[in-house]
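Working notes, structure below.
What follows draws every value from the coordinates through simple rules; no lab data is involved. Only a predicted model underlies this, so the values are computations on that prediction, with no experimental measurement involved. Don't worry about glycine lacking a Cβ; one is built from the backbone with ideal geometry, like all the others, and counts go over all protein chains shown.
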Amino acid sequence: MTKGRHASKAGQSAFLRDATIMGVGIIIVAALMYGILWLVQSWRSPDPLPGASETTLVVESPTTTRAMTTTTTAPPTTTTTAPTTTAPVIEVRPPEEVTVLVLNSVGTSGLASRVTEKLATLGYDTLEPDNFEPLLEQSLIWYKPGFGPDANDLAANFPDAVTEFNPDELPEADIVVLLGASYEEE
């Protein structure tokens, strides 16, 4: 059996047909994969969706103002807006209602006394200053439960200090200021 002139063309056209079908299949699979990746990426997008709104919450005290911005997203099929709510205002006590103890953790003679005098002139109820060991690099402000806003208010006088909740170390005072090496006397 010999192959004629048409036999080789039929073999070629079957090959071309199979290659075309395979190429179209690869293109379809690639397009589907790209579409799926695009959808996943758009769901993860940090950009707010259409209909998103930003709310800014401002908490004010006599000496400080803090603002916090949050983004809320309404479902895209609704046209109603969420009611605006306000956070409760946390009041800072007057200085005379806050008992403060200043501890020197730097080793500089008389530093805690000078800072205690400064706080007394600001109206704070101050305790007898003392020393603290070990020596600290960073100044700290410790406060009892319920005195966080007052500690943050007092921290305006100690920009180097880190404010921490520490009820275990505050036997008599509402707030303890530990002066570390980071404190710069004015």
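When the GluC sites (Glu not before Pro) in the range 92-164 are filtered for DSSP coil states and for at most 12 other beta-carbon atoms within 10 Å of their beta-carbon, the remaining sites are E137.
Given +1 at the Cβ of Lys and Arg, -1 at the Cβ of Asp and Glu and no other charges, the dipole of the range 95-179 around its Cα centre is 240 debye to the nearest 20. Here the Debye sum runs over all C-alpha atoms of the range 84-145 as equal scatterers in vacuum, and log10 of I(q)/I(0) at q = 0.15, 0.25, 0.30 Å⁻¹ comes out as -0.55, -1.10, -1.30.
Put simply, the amide H of E164, placed in the peptide plane, has neighbours under 5 Å in I141, W142, Y143, leaving out anything fewer than 5 places away on its chain. Rg and Dmax, both from the Cα atoms of the range 125-186 and both in Å, are 11.1, 31. Among V24, V102, V162, V92, sorting on how many other beta-carbon atoms sit within 10 Å of each Cβ, with the fewest leading, yields V24, V162, V92, V102.
Estimated from the Cβ-Cβ distance and a Förster radius of 30 angstrom, the FRET efficiency linking T108 and A156 is about 0.85.
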